[in-house]
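J.: Sharing a structure, written as C-alpha cells. Questions coming.
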Amino acid sequence: MEANITGNILALIAKVLSGASVRWIDCQPDTCQRVYFANHTSHLDAIVIWSALPPEVRSLTRPVAAKDYWTAGPVRRYLSREVFNALLIDRTEIKVHQSPVDVMIREIGQSYSLIVFPEGGRNSGPDVGEFKSGLYYLSKKRPDLELIPVYLDNMNRILPRGEVLPVPLLSCVTFGP
C-alpha cells in the first residue's frame, strides 16, 4: 500500500517536472504484454515513461535498469524494488546461461510488460543511438510480445548527464511509430 502511494506521488512529480505531453500514435494503452523500447538520454527516462502509462498498465510494467546504479543507496534500492518493481540487470557479471534476455523472459512471465532502452547507456545527442542486440533476441524468444517504440523528446535538458537536480521544462513522450 505504501509503495503504491509512493509510486503515485512519484508519477505525479515526474509529470510535473517533465511537463510531458503524452501521445499515442497507432496504438493505445493496454494491459497486454508489451515491450516499450525507448531512446535513453536521462536518469528520469524510465520514470517519465512509467508515469505516462495509465495506473492499470503501470502496475504491470517493469522498467529494466542497471543493477549497479539502482542498488547504490537505500533510497534507490527501495524505489527500484518496492515502487517500480524494476528488473535489475547486472552489467558486470553477464553469464552465457543467464543472459539479460533470459532474465527478462523469466521475470515477466505471462503478465508483465517491460520498459527497455536498447541503446544501452544514455545518449547525449538528439539522435537515437545504435541498438544493442537484446531487443532483437527478446523479440525472437518471445514473438508474442507486442513491441511499442517510445520516443522521449527534450529529456536530456531536464536532467542532463552529471546533474543532480532536474530543471522543469516541457517534454513529449510519444508511444508508437
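The values are calculated or read from the model by the stated rules, or taken from the named source; none is laboratory data. In this text the structure is predicted, and so the values were computed from the model without any measurement. Backbone-built Cβ (ideal geometry, glycine too); neighbour counts: all protein chains shown. For the accessible areas, the whole protein counts, side chains as well, though only heavy atoms, and no ligand, DNA or RNA atoms are used. Shrake-Rupley method; radii C 1.70, N 1.55, O 1.52, S 1.80 Å.
J.: Starting from the range 1-20, take each residue that is open to solvent by 50 Å² or more (accessible area, probe 1.4 Å) and list its partners that are assigned to a helix (DSSP H, G or I) and among the hydroxyl-bearing types (Ser, Thr, Tyr), counting only C-beta distances under 7 angstrom and pairs at least six apart or across chains.
T.: What qualifies is 15/51.
J.: Report yes if residue 111 is in contact (Cβ under 8 Å) with a residue 60 or more places away in the chain, more than 17 Å from residue 46 (Cα to Cα) and of a type outside the set (D, E, K, R), otherwise no.
T.: yes
J.: If you don't mind, there's one more thing I want to ask. Go through the range 31-58 and give me each residue that's without any contact (Cβ under 8 Å) to a residue 40 or more places away in the chain and acidic (Asp, Glu).
T.: 56
J.: Moving on. Would you confirm whether any residue within the range 24-40 is open to solvent by 20 Å² or more (accessible area, probe 1.4 Å), aliphatic (A, V, I, L, M) and under 16 Å from the mean Cα position of the chain (by Cα)?
T.: Checked against the condition, which is being open to solvent by 20 Å² or more (accessible area, probe 1.4 Å), aliphatic (A, V, I, L, M) and under 16 Å from the mean Cα position of the chain (by Cα), the range 24-40 yields no hits at all.
J.: Shifting gears a bit: Restricting the first residue to the range 67-94 and requiring it to be within 16 Å of residue 9 (Cβ to Cβ), which pairs with a second residue that is exposed (fewer than 13 other Cβ atoms within 10 Å of the Cβ) meet a Cβ separation below 9 Å and a spacing of at least six or different chains?
T.: Here the result reads 82/2; 83/4, each pair linking the range 67-94 to a residue that is exposed (fewer than 13 other Cβ atoms within 10 Å of the Cβ).
J.: Can you tell me which residue within the range 41-74, out of those that are within 24 Å of residue 141 (Cβ to Cβ) and open to solvent by 30 Å² or more (accessible area, probe 1.4 Å), is modelled with the lowest pLDDT?
T.: 67
J.: Among 87, 79, which is closer than 30 Å to residue 140 by Cβ and open to solvent by less than 40 Å² (accessible area, probe 1.4 Å)?
T.: 87
J.: Please go through the range 94-146 and give me each residue that is at pLDDT 80 or above, among the small types (Gly, Ala, Ser) and under 16 Å from the mean Cα position of the chain (by Cα), ordered by number.
T.: The answer is 113, 134.
J.: Would you check if there is a residue in the range 84-93 being modelled with pLDDT under 90, farther than 24 Å from residue 128 by Cα and in contact with a Lys or Arg (Cβ under 9 Å, 6 or more places away or on another chain)?
T.: yes
J.: Just to be sure before I move on: is residue 175 touching a His at 6+ places or on another chain (Cβ under 9 Å) and either of a type outside the set (D, E, K, R) or at pLDDT 70 or above (or both) in the structure I sent?
T.: no
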